Amino acid sequence: MTVTRVRAWRFAGAFVVASLVVSAGAQPAFAEDDTPKPPAAQERVPGAPGGVELSLGGGVIFAPRPYEGASAAVIPIPVVNVRYKRLFAEGIRGGYQFLQSGQLTGNAYLQANFEGLESTDSPYLEGMANRSMSADAGAELVYRARPVGFRLNVLSDVLGRNGGQEVSLQALTGAPLGRGSFLLAGIGPRWVSATRVDYYYGVSAAEARAGRPEYRGTSAWNWDLSLGANIRLTGNWSLFALFSREAFGSAIENSPVVSGPAAYSMITSLTYRLR
């Protein structure tokens, strides 16, 4: 299994890892009378002091990859989420909630970055140097409000692989589907630094071929769109589905190794809340 362009993990800002958190047994995004809680309800409030929250499950990622000739990835995933006071580990990230004040929440975390490229993924990519996976340090602020809330997120490479940063801002909202079930939606821009764009989409002079000219990436503004649903099943079981689309800015879309104007992903997971 290759890891090329497994963007589903960080797709669509607030819902990339939040989708796993919600599906893994987080409290529903609506009050007991089915009225909406503030839109960013996928961000958990820490449990009672001394309490541990634990959810287990599994799912599948469907991730078409926008590199020329690269086939889609279908990847089974485990889902393990743990919270203790202000510490958390959820999906591919773990960190500390440094702020919880009224409608405003702040988290600092480390997160895996599964983006990358392997020259064996398609004949068109032959001769390209592999782009490696990495890890990002992140900080986010989530503001809960009705009918629309917001999430500001900053990421920076910490392993020196791509040396780049991202800043995203999303408007978030939700709607009830019945007791314990709900819809989620988010949309907003994502700024990607020139070093990150060049690492994943650039073509060096040594990699240039006929039909694949040299290309140097510059910073880009992408647009994220996410649509998700959490369905509370019997007992402590929950089913989650998330569709994400990232529309590329011109600096990425114009790369000779990119096959289209956007990348897509779909995540589904089934989880059981133990406590």
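For the stretch 71-81, the Karplus equation 6.51 cos²θ - 1.76 cosθ + 1.60, evaluated at θ = phi - 60°, returns couplings of 7, 6, 9, 10, 10, x, 9, x, 10, 10, 10 Hz by residue, with Gly and Pro reported as x.
If the label point is 7 Å along Cα→Cβ of L227, which residues in the stretch 154-170 have backbone nitrogen under 18 Å from it? Within reach of a label on L227, which here means backbone N under 18 Å from a point 7 Å along Cα→Cβ, the stretch 154-170 contributes nothing. Each of A175 and V60 was given a label point 7 Å from its Cα along the Cα-to-Cβ line. The distance between the two points is 2.8 nm. Modelled spin labels at A262 and A72, positioned 7 Å past Cα toward Cβ, are 1.5 nm from each other. For the stretch 169-180, putting each phi into the Karplus relation 6.51 cos²θ - 1.76 cosθ + 1.60 with θ = phi - 60° gives couplings of 9, 10, 8, 10, 8, x, 8, x, 10, x, 4, x Hz, in residue order, rounded to whole numbers and with x for Gly and Pro.
In this structure, L104 and E214 have a Cβ-Cβ separation that, at R0 = 41 Å, corresponds to a calculated FRET efficiency of about 0.35.
The string of couplings for the stretch 269-275 from the Karplus curve (6.51, -1.76, 1.60, θ = phi - 60°) is 8, 10, 9, 10, 8, 7, 7 Hz, one whole number per residue in order, with x for Gly and Pro. If you bin all the Cα-Cα distances of the stretch 105-155 at 10 Å, starting from zero, the percentages per bin are 21, 28, 22, 18, 9, 0.
Since every read-out is calculated from the coordinates, none of them should be taken as a lab result. Keep in mind it's a predicted model, so treat the numbers as computed, not measured. Reconstructed Cβ throughout: ideal geometry from the backbone, glycine too, with neighbour counts over all protein chains shown.
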